[in-house]
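The values are calculated or read from the model by the stated rules, or taken from the named source; none is laboratory data. Fair warning: this is a prediction, and the values are worked out from it, not measured in the lab. Cβ atoms come from the backbone with ideal geometry, glycine included; neighbour counts cover every protein chain shown.
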Amino acid sequence: MILVLEDNKALRMIIRKALEKAGYEVKTAENGKEGLEIIKKATPDLIISDVIMPEMDGFEFLKAIRKKHPLIPFTFLTVKSELDDYSKGYELGATDYLTKPFDVDVLLKKVKKRIDSGKLLIEIIKKGKKEVDLGEILAVDLISSLKENKIDCKITISSPAGNGSVEIKKGKIKKSTFDDWEDKDALLRIAGLNKGKIKIEH
């Protein structure tokens, strides 16, 4: 099941119809409070959420669900003027962004990749898989999940765009580097990678 949070009724229906046509079960909500009520009854395989919503916005909603559901893939819908909020979303555990307006085919491709990466995350977290391809999973998905599950480790990233590492201890990122960048600047560059390898050392 895919949970879609969007306060714009027309856009919410467009997304729902596109996903249902592709064969997915879909539930929708107008804001974070409605979304939390839905999650009490069923755990979604993916959440797609607007950032700005009444009553409870996307950031508040994400923060609330990450306390109990650290592995659900989470994609933010955003407009270009909100792109500065990328780092805030990633810190809270978002795994992807989709900028409005968007093409339906792009949405469906992202949905498939997010769901596939969610399954891979379970394999990494619960079965101890130690090496993954960035073509299979986004680095930010992996980092967020390891952090939320409080798994102490060092992640080493090698890609055509550069090399980096992230150290996680007690549910916090202690150090992150990517070539000459450090901390948040490094994480933002790592988040954008789509080619390369990740190794996980415990």
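One table, with the values for the structure above:
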{"quantity": "Test for Ile143: is it outside the structural domain of Ala191 (by TED's automatic domain parsing), on the phi < 0 side of the Ramachandran plot and touching a residue at least 24 places away in the same chain (Cβ under 8 Å)", "calculated": "no"}
{"quantity": "Residue check, Glu25 in the same structural domain as Lys110 (by TED's automatic domain parsing), surrounded by fewer than 17 Cβ atoms within 10 Å (Cβ to Cβ) and within 20 Å of the chain's Cα centre (by Cα)", "calculated": "yes"}
{"quantity": "Some residue of the range 159-182 being β-branched (Val, Ile, Thr), modelled with pLDDT of 90 or more and touching a Ser or Thr at 6+ places or on another chain (Cβ under 8 Å)", "calculated": "yes"}
{"quantity": "Top-ranked residue of the range 134-158 - restricted to ones that are over 17 Å from the mean Cα position of the chain (by Cα) and not basic (Lys, Arg), ranked as modelled with the lowest pLDDT", "calculated": "Ile151"}
{"quantity": "First in the range 42-54 and charged (D, E, K, R), second anywhere and part of a loop (DSSP other than H, G, I, E, B), Cβ under 7 Å, 6 or more apart", "calculated": "Asp45/Met1; Asp50/Glu6; Asp50/Asp7"}
{"quantity": "Residue selected from the range 180-199 under the condition surrounded by fewer than 19 Cβ atoms within 10 Å (Cβ to Cβ) and in contact with a helix residue (DSSP H, G or I) (Cβ under 8 Å, 6 or more places away or on another chain), by the criterion farthest from Leu146 (Cα to Cα)", "calculated": "Trp181"}
{"quantity": "Top-ranked residue of the range 35-75 - restricted to ones that are in contact with a strand residue (DSSP E or B) (Cβ under 6 Å, 6 or more places away or on another chain) and among the small types (Gly, Ala, Ser), ranked as modelled with the highest pLDDT", "calculated": "Gly35"}
{"quantity": "Any chance Glu167 is closer than 29 Å to Tyr24 by Cα, outside the structural domain of Ala22 (by TED's automatic domain parsing) and charged (D, E, K, R)", "calculated": "no"}
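Listed here are the residues, each with its yes/no results for (1) within 19 Å of Pro70 (Cα to Cα); (2) in contact with a strand residue (DSSP E or B) (Cβ under 8 Å, 6 or more places away or on another chain).
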| site | (1), (2) |
| --- | --- |
| Leu142 | yes, yes |
| Lys147 | yes, yes |
| Ile155 | yes, yes |
| Ser158 | no, yes |
| Gly171 | yes, no |
| Ile190 | no, yes |
| Lys199 | no, yes |
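Let's see how each residue does on (1) within 15 Å of Ile72 (Cβ to Cβ); (2) not small (Gly, Ala, Ser); (3) not in a loop (DSSP other than H, G, I, E, B):
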| site | (1), (2), (3) |
| --- | --- |
| Leu108 | no, yes, yes |
| Lys112 | no, yes, yes |
| Gly118 | yes, no, yes |
| Leu121 | yes, yes, yes |
| Ile137 | yes, yes, no |
| Leu142 | yes, yes, yes |
| Lys147 | yes, yes, yes |
